[in-house]
Amino acid sequence: MNLTNDITRHLADLVAFPTVSSASNLDLIAHVETILQPLGAHIRRFPDASGQKANLLATIGPETSGGIIFSGHTDVVPTQGQAWSSDPFVMREADGRLFGRGTTDMKGFLACCLAIAPAAAAMPLTRPIHLAFSYDEEVGCTGVGSMAEWIGQSDLKPRLAIIGEPTTMDFVAAHKGGLVGWCRVTGKPGHSSQPDRYVNAVMTAAEMIAEISRIREDMRNGPTFEGLDPPYSTITVNIVHGGVAGNIVAENCEFIWEMRIIPGESDMAVFERMQRFATEKLEPAMKAIDPACGIAFEIKANIPGLRPNEDAALDTELLKLLGRNQVRYVSYGTEAGIFQNAGIPSVIIGPGDIADAHQPDESIAISELTACADFLQKLVETCR
């Protein structure tokens with residue numbers, strides 16, 4: 001059969017499942033199982049607490065260590081508010097590209113995995129190929145952990161994990177980590193003609209944001225990791241809500257902060273600096289007026305950074321298979337650091353351009369998908 005046609009067919013099927021992160025992915029998982037079970041794959045599910053989502057681990061070949069993971073997420077970002085030229089969940093082809101939500105990020109990679117699976121299952125493999133499909137990557141990489149941890153502690157310990165995020169088939173060896181959360185300020189409301197009798201949550205939040213700006217400046221002048229853009233860590237505040245009226249001292253204010261930390265630096269050290277500023281500099285004056293006032297922090301997502309692998313031979317092998325001369329680094333986060341923290345050497349290599357992800361009329365070049373499938377087949381050959 002024609003490999004390109006197989007990829008296109010699988011991708012059309014995957015796009016048709018509207019697996020936005022707020023919805024279940026179980027129908028897609030069941031569909032993938034119907035493809036892989038007849039090939040003799042050993043199927044494992046890792047459900048979430050609600051039972052409405054699951055990670056899927058499908059092992060092709062012997063259940064032994066030393067294999068390779070091909071990993072990608074099944075969820076996609078929403079399409080609401082975007083100007084699509086056609087139904088985002090009905091794939092269409094034009095000018096050598098395939099259009100639809102998730103074609104680039106990252107159902108294109110999943111389709112490549114499914115397309116090469118029959119050939120892999122027909123080979124006399126001595127080490128396994130694992131297809132690891134996760135949920136809730138788009139909301140902070142919160143779903144894959146249970147599966148990655150199980151793999152890392154099992155007798156199936158692989159020698160490598162390929163996370164197929166869109167890199168235009170470049171070899172990405174490192175990326176920043178991410179920590180995202182809320183800061184919620186509780187003040188004491190009252191008439192704005194007597195502001196000193198009360199605690200203004202909006203103004204207190206502004207002082208907290210000012211401290212975050214100082215942290216950002218320190219990061220800009222701090223440690224660097226060459227090859228990343230920017231090469232230093234960053235922190236930003238992008239959403240703020242607070243207050244109810246112009247003449248009422250605000251009782252509540254909350255904002256979302258997010259940081260991108262270079263490999264080798266500690267995101268928790270930054271988080272603890274924020275907490276110290278709140279408890280030591282801001283809360284004493286607040287609680288002197290009303291002990292019920294205060295500042296609370298909540299971490300919503302913690303995406304580990306990806307460090308370069310220490311195995312130069314592995315990097316050389318991958319670069320040779322790709323026909324590339326060097327690795328590169330990126331500032332966005334992926335699930336690769338989670339696999340790495342589970343003890344599995346991990347890299348990011350996948351079809352498509354990250355600039356096309358999350359966009360209206362998201363699309364991917366068919367040639368990129370074919371190149372990806374060719375690369376995956378070469379890796380499968382190393383497991384014979």
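Laboratory data are not the source of any read-out in this text; all were calculated from the coordinates shown. These figures come from a predicted structure and were not determined experimentally. Neighbour counts are summed over all protein chains in view; Cβ atoms, including those assigned to glycine, are modelled from backbone coordinates with ideal geometry.
As a rough footprinting exposure proxy, the listed residues ILE303, ILE239 were ranked by other beta carbons within 10 Å of their own, and the order from fewest upward is ILE239, ILE303. Here's how it looks for SER21: its modeled amide H is under 5 Å from those of VAL76, which are all 5 or more places away or on a different chain. Taking the chain as a Gaussian network of alpha-carbon nodes connected by springs under 10 Å, the highest mean-square fluctuation of the residues VAL199, VAL244, VAL90 belongs to VAL244.
For a paramagnetic label modelled on ARG214 (point 7 Å from Cα along Cα→Cβ), amide N atoms under 16 Å away belong, within region 251-275, to 270-275. Within region 241-256, name every residue whose backbone N is under 19 Å away from a label modeled 7 Å from Cα of SER193 along the Cβ vector. Counting only backbone N, you get 245-250. Overall, the chain carries a charge dipole of about 380 debye about its Cα centre when +1 sits on the Cβ of Lys and Arg and -1 on the Cβ of Asp and Glu, all other atoms neutral. By the rule of a C-alpha distance below 21 Å, with chain neighbours fewer than 8 residues away ignored, the lysines paired with LYS53 are LYS107, LYS300. Set the Förster distance to 25 Å, then compute FRET efficiency between ASN238 and SER85 from the Cβ-Cβ distance, nearest 0.05. For ASN238 and SER85, the calculated efficiency is 0.30.
Could you identify which residue out of THR167, THR34, THR126 has the top mean-square fluctuation in a GNM of the chain using Cα springs shorter than 10 Å? Comparing THR167, THR34, THR126 in the GNM, the peak value goes to THR34. In this rough spin-label picture, where each label sits 7 Å from Cα along the Cβ direction, the THR4-LYS320 distance is 2.9 nm. The charge dipole of region 177-303, taken about the Cα centre with unit charges on the Cβ atoms of Lys, Arg (+1) and Asp, Glu (-1), comes to about 260 debye, rounded to the nearest 20. For ILE235, nonlocal amide neighbours, meaning residues 5 or more places apart or on other chains whose placed amide H falls under 5 Å from its own, are ARG260. Taking amide H as placed 1.01 Å from N in the peptide plane, GLY190 has its amide H under 5 Å from the amide H of VAL249, each at least 5 places away in sequence or on another chain. The residue list PHE99, PRO360, PRO284 was ranked by how far each Cα lies along the charge dipole of the chain toward its positive end, using unit charges on Cβ atoms, and PRO284 comes out on top. Using mean projected area of the Cα convex hull in nm² as the read-out, say which of [x] 18.4; [y] 21.1; [z] 19.5 was calculated from these coordinates. Label of the calculated value: [y].
Between ALA312 and SER154, what is the FRET efficiency for a Förster distance of 30 Å, r being their Cβ-Cβ separation, to the nearest 0.05? Working from the Cβ atoms, E equals 0.65. The charge dipole of region 5-107, taken about its Cα centre with unit charges on the Cβ of Lys, Arg, Asp and Glu (plus for the first two, minus for the last two), comes to roughly 80 debye. Which one of TYR232, TYR329, TYR198 has the biggest mean-square fluctuation once the chain is modelled by GNM with Cα springs under 10 Å? Most flexible of the set in this elastic network: TYR198.
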